[in-house]
1. Scan segment A:197-209 residue by residue and report those that are in a loop (DSSP other than H, G, I, E, B) and either farther than 25 Å from A:Leu160 by Cα or free of Cβ contacts under 8 Å to residues at least 40 places away in the same chain (or both).
2. Test B:Val212 against the stated conditions and say whether it is without any contact (Cβ under 8 Å) to a residue 60 or more places away in the chain, in a helix (DSSP H, G or I) and not assigned by TED's automatic domain parsing to the domain that holds B:Phe111.
3. Restricting to segment B:238-272, name every residue that is buried (at least 19 other Cβ atoms within 10 Å of the Cβ) and either more than 31 Å from the chain's Cα centre (by Cα) or hydroxyl-bearing (Ser, Thr, Tyr) (or both).
4. Please specify each residue of segment B:16-37 satisfying the condition of being near DNA strand D (Cβ under 10 Å from one of its atoms) and away from chain A (no Cβ under 13 Å).
5. Using the structure shown, decide if B:Glu293 is among the acidic types (Asp, Glu) and more than 18 Å from B:Asp122 (Cβ to Cβ).
6. Which one of these is of a type in the set (A, V, I, L, M, F, W, C), within 12 Å of the chain's Cα centre (by Cα) and within 30 Å of A:Asp239 (Cα to Cα): A:Leu194, A:Leu189?
7. Find the residue count for segment A:38-50, including only residues that are near DNA strand D (Cβ under 8 Å from one of its atoms) and not aliphatic (A, V, I, L, M).
8. Inside segment B:273-290, can you point out the residues that are surrounded by 18 or more Cβ atoms within 10 Å (Cβ to Cβ) and more than 20 Å from B:Ala179 (Cα to Cα)?
Protein chains: 2
Amino acid sequence: MPTSGNLLSPKDLSVAIGVSESSLKRWTDRGFLEVSRTAGGHRRIDRNEAIRFVRSRKMQIVRPEILGLPESVAATPNIDLESLDDLDEAFLELMRHGHDLGARNHLLQRFLDGETIAALSDGPIRRSFDRIGELWHEGPEGILIEHRATEICVGLALELSKMVPVKDDGPRAIGGAIAGDGYKLPPLLTTAVLQEHGFRAVNLGPNTPIEVFELACFTDDPAQRPDLVWMSVNDLDQDDPGIGDRFTGFAKRCEAEDLTLVIGGRSVGEIDLESTPSLPVHRSMSAFADFLEAWKRRRT
Amino acid sequence: MPTSGNLLSPKDLSVAIGVSESSLKRWTDRGFLEVSRTAGGHRRIDRNEAIRFVRSRKMQIVRPEILGLPESVAATPNIDLESLDDLDEAFLELMRHGHDLGARNHLLQRFLDGETIAALSDGPIRRSFDRIGELWHEGPEGILIEHRATEICVGLALELSKMVPVKDDGPRAIGGAIAGDGYKLPPLLTTAVLQEHGFRAVNLGPNTPIEVFELACFTDDPAQRPDLVWMSVNDLDQDDPGIGDRFTGFAKRCEAEDLTLVIGGRSVGEIDLESTPSLPVHRSMSAFADFLEAWKRRRT
DNA sequence: ATAAAAATCATCCAAATCGTCCAAATCTTC
DNA sequence: GAAGATTTGGACGATTTGGATGATTTTTAT
């Protein structure tokens, strides 16, 4: 019986990836794989750490169910990284037809093969929504597809973010989508990417007024104060001309109080950034991820 | 009952750290862990000693709430485990403070203790959002709390629905929130409840026009046709007077084509149901769950 | 107060895991 | 290819783990 809870025995993991127990124990002793110990000295491996390991080494998974993964990720051969465009095309088709299980398997498979959450966000997810967004304008059929696909991706984004090991002493990040932007997926994906890079991330969701950002960032309690704020801009309320000034005010206050502010999103160009020239703006999740790594290095 | 006072039984601590009672008792006998004894010889472990032990061995904590760790209930230390109302109150406090881990532990524990997803939806989740909704009108602070709590609950709803076994031959259900209703949580919870009762559920999410419902339900492909449709109504677009007629038309078509339609939600009373008297309307998830069971019995 | 129910005791045992060693397989280098 | 270095998988006795047992203690209900 595979060990209960979130902890695996060396035997469990060795069976899951089809290697001998001996090798696995040797790997843990060499530090390739982090293990905790019972009081009696038996090794225990966290599930997420196991997933991180198989991903980093690109190991085959023979028995996915032991790791809490769907059976279907076992049989499929490793994906050919050359034909990424075709792959994204395949994901788009799954999303168009509302094939939730297929989309889940596709994304999990690619995640296990080593693609980062940031890369998956920029690749299959963003590409499919670019195309599905076009359909949206063409009537109810497009809206149906878009709604179904969004809900599927919401589940996938949360599932992915639960598969990365958590660092409970990582830097704090908070953010959301600006007022007028009702897209819920970008904030979820941003949160997942932040967790992928060791942040403790709080998501304020879509349609968050600037005043709420201010309140969340400049709280009196220093233990709650974030180290980084992010804002997603995929839509803007055209009827609210004051929003530019409010944003500038917020950005200046962040700079004054030494709080890093990052923005990104499709409509980020519609914001006037003249008065805040040093503000980091990102056009992709991968760029955001690179920024996060540089930010962490600068911090230490 | 898990615990009372400041002393844990070996069983309590063993489930808290996900280890067998046998092992834990052996560890106490070897002195890894200091215990006192009752007059009759039963072991009693001080909470602080238990925490020292798990910290010193870096053991994983499966059920933090048993140890009373800050991740769970420390923010609200005065909760009375006897009364359900006070339990819901504790959950509300966790949500108010944006304590995602604590809220998760709270809800998962209650789920594992036997409460259904429907009961949790009507209980802690609905109650806390009733209260948090009041705060929303009071300004940015309330909006901050509401946004944070919503995102936490989105994650919890999806996590719960992943914990119920999927029946891949169950009846098909599809649904979402009506146009003008932007609340994303009710559709997610409804989907979770449907899965809890063996349905294959598709979620169209918030703000779904009636035309999209029609398209999704009366598709040409019989393999995609659902056996049940549900519609969540927690808000209505007041500027769209035609919505009542469109809804009536949709309801009549469902009846004509022998497709069960169910509606529910806070604002369901604002819809004119005169012309569709036989339509099932539910005011709670528990009522909806009862209906689903009756529906399945009638079907067989 | 008393009895029934639940929790815990100490003990035992099979299965799992420990650390270590070694021969076979695989990779490197020449 | 051959020689040398490294990795792998299996075997070993010793130790640890988790579950079961019947007896005792604690809690709950009457």
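1. Selection gives A:Leu204, A:Gly205, A:Pro206, A:Asn207, A:Pro209.
2. Yes.
3. B:Thr260
4. Matches in segment B:16-37: B:Glu21, B:Arg37.
5. No: the conditions fail for B:Glu293.
6. The conditions single out A:Leu189.
7. 4
8. B:Met285, B:Phe288, B:Ala289
The values are calculated or read from the model by the stated rules, or taken from the named source; none is laboratory data. All values reported here derive from a predicted model rather than from experimental measurement. Please note: Cβ atoms are built from the backbone with ideal geometry, for glycine as well, and neighbour counts cover all protein chains shown.
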